[in-house]
Amino acid sequence: MLAKAVEDKAGETKPPLAKAERDVVALGIAVAAIILFVATGGTVMPQILRAWMGNGTGPDMLLTNAVLLNIALLIFGWRRYKELHKEVAERRRAEEKARLLAETDPLTQCLNRRSGTPAINGLLDQARAAGRSVAVFMIDLDNFKQINDLNGHQTGDRVLTAVAQRLREQMPAGSVLARMGGDEFVCAFGHESNGREGIEQFAARMIEQVGAPIDDGRVMVQPTISAGLVSTEQDPLTAPDIDAAILIHRADIAMYHAKKNGRNGYFWFEPMLEDELRLRNDLESAIRRGIPAGEFVPFYEQQIDLATGQLTGFEMLARWKSPRYGLVSPEVFIPIAEEIDLIADLSECLIRQALVDARDWDPDLTLSVNISPLQLRDAWFAQKLLHILVESGFPPSRLEIEITESCLHENIGAVRTIVSSLKNQGIKVCLDDFGTGYSSLSQLRSLPFDRLKIDRSFVAEMTREGANSDLVEAIISLGRGLALPVTAEGIETSEVLSTLRTMGGMKGQGYFYGMPEDADATRHRLAALDLLPSRHARPAPVLEGVPEVIPEDRIKAG
Ligand code: C2E
Ligand code: MG
Ligand code: MG
């Protein structure tokens, strides 16, 4: 196919018909010249010889002229032949150049995406004929965007070239190495049966060798790669029908998992990964459709003053009422929404609904909402939030934003600016899941938080047999030292509640006080507590048509 494309390309400059005509004419001239030379030369030459030897008269003038013309024709023909020869050689060179350009990546000199796949198919045919298997690696540089952003594209190109060269040096003879685009390479090679262990050793060596520092003359870059591995040996039943496209796709899925597993390593393809990917893609499209369809709704979890037992407010927790998957946990859909860049849209629509729901609750009740670290990367976040507050007529002083410790790893300067401008608007800011991240004391002191929330894992730890509550106590005293009030999450039992009560004044929340509920159930609860000034409670919640909750471990795996 590729060779044909190149041939066609070369044919554009010299149409095949003109070339055939020219060859026929040249052949005709050569044959005619030879016949003429034999005929005239055969008569004239003996006459000339006889005349020289004094045995006869000179040759006939007409015939002599014909021989001379014939000789001229032969010289002309020879020259034409040489020209043609040169032309053909030049055309071959041009064709070869065009083929190389069409097949190789100009930066790394590897095969490109277009030629890589047929080359692997060729390798598969050879391997099948020889009763061997073929392994395919999908290789991707880790954090290549960062290398480019930090050091410039020139350094990025230099890294790509060096990595390609190192891969080439590692590859067994007869293997295929192609750059599939960006920082992605695919390499394929034939191997004997039962080769899994050897392939793994090879992959580990390759990862190690490619990871050596690259000196750009200006900066030193230490690249790492992740590799997805697949071999036709893994699936002997379908091996005869497998082609390069399928192997590349599978190696790609495995590579994605190598990345998920912490990068700088390899991962074998397993059929289960393909199902997970399908589920993950389905979830992604369902989330895209579900946001405008209003399938994402706020649920509310009570927050209690532990000393008095009084309700002080609610934390809004997102739920997805999916017609297909049932009631889905935010731990499943928030990470996907973050990855597909829909978290801001999703969060804004949830906060809007929550502010409307909470508007006519008792004015002393607060509302806490969780914010993704990605939203804090938006310099306009505080303004957008203020806009939503104004639109819904909800007082900023009743709103509390929960940000997780992981936000502090991001650009701390930008987080500080946003936190400060939220506080200037009267919104409270609280550090969620405290103790699970790595925030330093100086970071904690430098950010004007209003509250710390002890992660529920520490509270749960208190109930474990033999465990004590030292850690929770330490966090509480840290909060006290920083003059920050504390909320304990995940209170499930009266024992935990009693222990926490002995540790001083704090707020708490957890299933002990009830599961998170939707807006209508929350209104009923508030009406019963006389905390709904309008007293127009809406009807009880109905989760009609919502099927069983999809097993989280299944969705999470994707
Ligand atoms: P979080 O903010 O730490 O929320 C507390 C989580 O603990 C909630 O899980 C809640 O249902 C659960 N929980 C509360 N009490 C107990 C208890 O006694 N025992 C146990 N085992 N769990 C308890 P949920 O609703 O699944 O939310 C999980 C996380 O998802 C939240 O953790 C929060 O980080 C995130 N999230 C929820 N809604 C949103 C949202 O609208 N936006 C963003 N960005 N994240 C959200
Ligand atoms: Mg929270
Ligand atoms: Mg939390």
**Among the residues listed as Asp364, Asp432, the single one being under 25 Å from Gly508 (Cα atoms) and within 16 Å of ligand 1 (Cβ to nearest atom)** = Asp432
**Request:** Would you mention how many residues in segment 455-474 are in a helix (DSSP H, G or I), under 17 Å from Ser439 (Cβ atoms) and either at pLDDT 90 or above or in contact with a Cys (Cβ under 6 Å, 6 or more places away or on another chain) (or both)?
**Result:** 3
**Fill in**
All conditions in (1) in contact with a helix residue (DSSP H, G or I) (Cβ under 9 Å, 6 or more places away or on another chain); (2) part of a strand (DSSP E or B) are true of Ala307 except (2)
**Message:** Condition (residue is in contact with a strand residue (DSSP E or B) (Cβ under 6 Å, 6 or more places away or on another chain) and within 10 Å of ligand 1 (Cβ to nearest atom)) applied to segment 371-379: is it met by at least one residue?
**Reply:** yes
**Request:** Determine which single condition Ile550 fails, assuming it passes every other condition in (1) modelled with pLDDT under 95; (2) in contact with a Phe, Trp or Tyr (Cβ under 6 Å, 6 or more places away or on another chain); (3) assigned to a helix (DSSP H, G or I).
**Result:** (3)
**Message:** So for segment 235-250 (the condition being touching a Pro at 6+ places or on another chain (Cβ under 6 Å) and either open to solvent by less than 50 Å² (accessible area, probe 1.4 Å) or among the small types (Gly, Ala, Ser) (or both)), does at least one residue qualify?
**Reply:** no
**Complete:** Output for Cβ contacts, cut-off 7 Å, separation at least six or different chains, first residue under 17 Å from Pro395 (Cα atoms) and small (Gly, Ala, Ser) in segment 411-436, second away from ligand 2 (no atom under 15 Å from the Cβ) and open to solvent by 10 Å² or more (accessible area, probe 1.4 Å), reads Gly426/Pro396; Gly426/Ser397
**Fill in**
Of the residues in segment 352-380, those that are acidic (Asp, Glu) and either crowded, with 17+ Cβ neighbours inside 10 Å or within 15 Å of Leu408 (Cα to Cα) (or both) come to Asp357, Asp378
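Being farther than 27 Å from Asp470 by Cβ and more than 30 Å from the chain's Cα centre (by Cα) narrows it down to one residue among Leu441, Leu386; which is it?
Leu386
Sort through Leu389, Leu408 and tell me the only one that's within 16 Å of ligand 3 (Cβ to nearest atom) and either over 21 Å from Phe299 (Cα atoms) or at pLDDT 95 or above (or both). Please lay out each step first, then the result.
Details: Leu389 fails: within 16 Å of ligand 3 (Cβ to nearest atom).
Of the residues listed, the single one that is within 16 Å of ligand 3 (Cβ to nearest atom) and either over 21 Å from Phe299 (Cα atoms) or at pLDDT 95 or above (or both) is Leu408.
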**Request:** For residues that are away from ligand 2 (no atom under 16 Å from the Cβ), surrounded by 15 or more Cβ atoms within 10 Å (Cβ to Cβ) and over 16 Å from Gly510 (Cβ atoms), tally how many sit in segment 440-474.
**Result:** 5
**Request:** Sort out which residues of segment 485-502 are more than 16 Å from ligand 2 (Cβ to nearest atom) and touching a Leu at 6+ places or on another chain (Cβ under 9 Å), and write them in order of number.
**Result:** Leu497, Leu500, Arg501
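Residue check: is Thr522 within 14 Å of ligand 3 (Cβ to nearest atom), assigned by TED's automatic domain parsing to the domain that holds Lys321 and under 23 Å from Ile371 (Cα atoms)?
So Thr522 fails the test.
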**Request:** Find all pairs meeting these conditions: Cβ atoms under 8 angstrom apart; at least six residues apart or on different chains; first residue within segment 139-154 and under 19 Å from Met255 (Cα atoms); second residue open to solvent by 100 Å² or more (accessible area, probe 1.4 Å) and not in a loop (DSSP other than H, G, I, E, B).
**Result:** none
**Prompt:** Do you know which residues across segment 490-509 are part of a loop (DSSP other than H, G, I, E, B) and more than 22 Å from Leu532 (Cα to Cα)?
**Reply:** Gly490, Ile491, Glu492, Thr493, Thr502, Met503, Gly504, Gly505, Met506
**Prompt:** Looking only at segment 120-138, which residues are outside any helix (DSSP H, G or I), aliphatic (A, V, I, L, M) and closer than 19 Å to Pro240 by Cα?
**Reply:** Ala130, Val134, Ala135, Val136
**Message:** Can you tell me which residue is farthest from Ser446 (Cα to Cα) among those in segment 479-488 that are in a loop (DSSP other than H, G, I, E, B) and out of contact with any strand residue (DSSP E or B) (no Cβ under 6 Å at 6 or more places or on another chain)?
**Reply:** Ala483
**Prompt:** Which residue out of Gly505, Gly437, Gly490 is of a type in the set (Gly, Ala, Ser), at pLDDT 90 or above and within 16 Å of ligand 3 (Cβ to nearest atom)?
**Reply:** Gly490
**Request:** Within segment 313-333, identify whether any single residue is open to solvent by 30 Å² or more (accessible area, probe 1.4 Å) and of a type in the set (Val, Ile, Thr), and answer yes or no.
**Result:** no
**Prompt:** Among the residues of segment 269-295, which ones are aliphatic (A, V, I, L, M) and either farther than 12 Å from Phe333 by Cα or open to solvent by 70 Å² or more (accessible area, probe 1.4 Å) (or both)?
**Reply:** Met272, Leu273, Leu277, Leu279, Ala293
**Prompt:** Which condition number in (1) at pLDDT below 95; (2) crowded, with 17+ Cβ neighbours inside 10 Å; (3) acidic (Asp, Glu) is the one that Glu402 fails?
**Reply:** (1)
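The values are calculated or read from the model by the stated rules, or taken from the named source; none is laboratory data. This structure is a prediction, so every number in the text was calculated from the model and none was measured. All Cβ positions, even for glycine, are placed from backbone atoms using ideal geometry, and neighbour counts span all protein chains on display. Only protein heavy atoms, including side chains, enter the accessible area calculation; ligands, DNA and RNA are left aside. Shrake-Rupley method; radii C 1.70, N 1.55, O 1.52, S 1.80 Å.
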